[in-house]
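The values are calculated or read from the model by the stated rules, or taken from the named source; none is laboratory data. Fair warning: this is a prediction, and the values are worked out from it, not measured in the lab. Heads up, the Cβs are rebuilt from the backbone with ideal geometry, glycines too, and the neighbour counts pull from every protein chain shown.
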Amino acid sequence: MSVADNLNTVLQQIRDAESKANRPADSVQLLAVSKRHSAEKIIEAYQAGQHVFAENYLQEALYKIQQLQEYDIEWHFIGSIQSNKTRKIAENFAWVHSVSRFKIAERLSQQRPSDLADLNICIEVNIDAESSKSGVMPDELLPLAIQIAQLPHIKLRGLMVIPKFYETHEEQLAAFQRAANLLDDLNQHGLQLDTLSMGMSADFPAAIAAGSTMVRIGTAIFGARK
Ligand SMILES: *Cc1c(COP(=O)(O)O)cnc(C)c1O
């Protein structure tokens, strides 16, 4: 299967999951996760109509952004963030999904170039409280979100989660619903958040059933990573 065929299959599966959940068509956006895949593969997806891509590793991402300058691509950063990398992230991306500390958000805010639109931010939540995973713990989310929402030059949009590997649709759904509840809770505290970044190749139908607005899909589009 070509990248274009895979992309069309995934888009159809997203539309099916939307309609099954009685959600409007196109309420879920597809982020194509291109980490560890070449610029050529990104061009294949681009020519098939996909213009939003997500990367995890900054050096690799900057190299591809440079190579693909002539294309009208919206870049999202979804990898772990060290404080000495925030400037390049603030300068080169439209969205960052993996913010889990105030200090990182503050640096992104200070370093966002003033000629660019506000940087869109999601807070990564460690939804299953796994010691191996990054993200803020659910019970520490509210004060962090309130603090981040006040920073200039960045716009807090919502939450990103990567649940544990669950076998069944029901278990996946339950984890994603906990994330959706956290977002509702923040909005009840006066924040105005519209984004749930959740769902990957193995679990995106359940994420959409729980209210995901952005699915991050790599393998199902580009194949296995090297
Ligand atoms: C790699 C990655 C994805 C994509 O995962 P696939 O299983 O290849 O679809 C999504 N989100 C994050 C944060 C990732 O690191």
Going by what's in this entry, would PRO152 be described as modelled with pLDDT of 95 or more and buried (at least 20 other Cβ atoms within 10 Å of the Cβ)?
no
Here is a check on your reading of the model: is ARG178 assigned to a helix (DSSP H, G or I) and within 21 Å of SER80 (Cα to Cα)?
no
Test result for THR168, more than 16 Å from the ligand (Cβ to nearest atom) and surrounded by fewer than 21 Cβ atoms within 10 Å (Cβ to Cβ):
yes
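Looking only at the range 137-149, decide whether some residue is loosely packed, with under 14 Cβ neighbours inside 10 Å, over 16 Å from SER100 (Cβ atoms) and free of Cβ contacts under 8 Å to residues at least 60 places away in the same chain.
So in the range 137-149, the residues loosely packed, with under 14 Cβ neighbours inside 10 Å come out as 137, 139-140, 143, 147.
Now narrow it down to the ones that are over 16 Å from SER100 (Cβ atoms): none.
Within the range 137-149, none of the residues are loosely packed, with under 14 Cβ neighbours inside 10 Å, over 16 Å from SER100 (Cβ atoms) and free of Cβ contacts under 8 Å to residues at least 60 places away in the same chain.
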Under 9 Å between Cβ atoms, which residue pairs at least 6 apart in sequence (or on different chains) link something in the range 197-210 that is under 13 Å from ASP16 (Cβ atoms) with a partner that is more than 13 Å from the ligand (Cβ to nearest atom) and of a type in the set (Lys, Arg)?
PRO205/LYS20; ILE208/LYS20; ILE208/ARG23; ALA209/LYS20; ALA209/ARG23
Could you check how many residues of the range 43-90 are among the hydroxyl-bearing types (Ser, Thr, Tyr), loosely packed, with under 15 Cβ neighbours inside 10 Å and either outside any loop (DSSP other than H, G, I, E, B) or touching a Pro at 6+ places or on another chain (Cβ under 6 Å) (or both)?
2
Please indicate, with yes or no, whether at least one residue in the range 194-205 is buried (at least 21 other Cβ atoms within 10 Å of the Cβ), near the ligand (Cβ under 10 Å from one of its atoms) and on the phi > 0 side of the Ramachandran plot.
yes
